[in-house]
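Asks: Structure below; questions to follow.
The values are calculated or read from the model by the stated rules, or taken from the named source; none is laboratory data. Remember, predicted model here, so these are calculated numbers, not experimental data. Neighbour counts are summed over all protein chains in view; Cβ atoms, including those assigned to glycine, are modelled from backbone coordinates with ideal geometry.
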Amino acid sequence: MHISIVQPHSGRVCGMARALVFLSAISRRDALQGSAALSALGAAPKAAPAAQRISPPALVSDRSGATVTAAAWLAEHPLQPDLVLGLDDEPYFLLRSTSSHSLPALRAQDPTGLAPFALKAECTHLGCLVAPNPLGDGFTCPCHGSEYFADGSVKRGPAPAPLRLAQVSPREKDSALVMSPWTGPDPRQASS
């Protein structure tokens with residue numbers, strides 16, 4: 001097949017004509033398969049981060065790398081939340097279920113005194129490490145002044161979202177604490 005479309009006054013074959021020649025050489029099926037493949041490639045980068053966000057359960061460790069047990073942690077930290085390493089070796093705060101840091105709806109779930117959730121110690125604004133307030137009534141980001149209530153919800157911005165949650169539970173055989181991604185609804189939204 002030979003198509004020659006000449007641009008007026010130039011004597012050259014225009015780009016549209018080249019595209020028409022190329023498209024006439026492939027079948028409709030090939031064109032549809034090619035566009036489907038390109039669509040899949042375009043969606044792949046968006047799907048990959050979602051798959052990467054789900055971390056496997058991990059043993060909770062202290063700053064020295066030792067595995068943390070429920071009884072030892074409760075004995076050593078009677079009042080304030082404590083920074084530990086959890087999912088992906090990221091910093092999290094363990095909380096007592098009887099403290100002001102625990103949500104009322106979750107306090108009854110664990111009679112041992114350990115809250116069934118931990119708060120990721122990373123500000124949701126720019127990722128700075130947050131610190132517990134000296135009065136025990138929440139957390140503050142030293143970088144830009146974001147403040148969080150004791151349950152990790154935003155008290156004052158610029159933080160756009162609450163501190164991230166992770167589930168915490170003692171392992172049956174030795175009471176070592178296991179942290180896993182939070183998969184349920186956010187209980188802080190139910191309490192507001």
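Asks: From the list ALA161, ALA176, ALA150, ALA131, exactly one residue is of a type in the set (A, V, I, L, M), modelled with pLDDT of 85 or more and under 13 Å from GLY86 (Cβ atoms). Which is it?
Replies: ALA176
Asks: Follow-up question, since we're still on this one. Out of all the residues in the range 161-184, is one or more among the polar types (S, T, N, Q), within 16 Å of the chain's Cα centre (by Cα) and within 21 Å of SER61 (Cβ to Cβ)?
Replies: Within the range 161-184, one or more residues are among the polar types (S, T, N, Q), within 16 Å of the chain's Cα centre (by Cα) and within 21 Å of SER61 (Cβ to Cβ).
Asks: So, one more: For the range 136-192, what are the residues that are acidic (Asp, Glu) and outside any loop (DSSP other than H, G, I, E, B)?
Replies: Listed by number, the list holds a single entry, GLU147.
Asks: Quick check on the range 98-113: of everything there that is modelled with pLDDT under 75, touching a helix residue (DSSP H, G or I) at 6+ places or on another chain (Cβ under 8 Å) and assigned to a loop (DSSP other than H, G, I, E, B), which residue is nearest to ASP151 (Cα to Cα)?
Replies: Among residues in the range 98-113 that are modelled with pLDDT under 75, touching a helix residue (DSSP H, G or I) at 6+ places or on another chain (Cβ under 8 Å) and assigned to a loop (DSSP other than H, G, I, E, B), the one nearest to ASP151 (Cα to Cα) is LEU103.
Asks: Now, a different point. Step by step: first the residues of the range 77-95, then only those that are modelled with pLDDT of 85 or more and surrounded by fewer than 14 Cβ atoms within 10 Å (Cβ to Cβ), then the one that is farthest from the chain's Cα centre (by Cα). Which residue is that?
Replies: Among them, the one singled out is ASP89.
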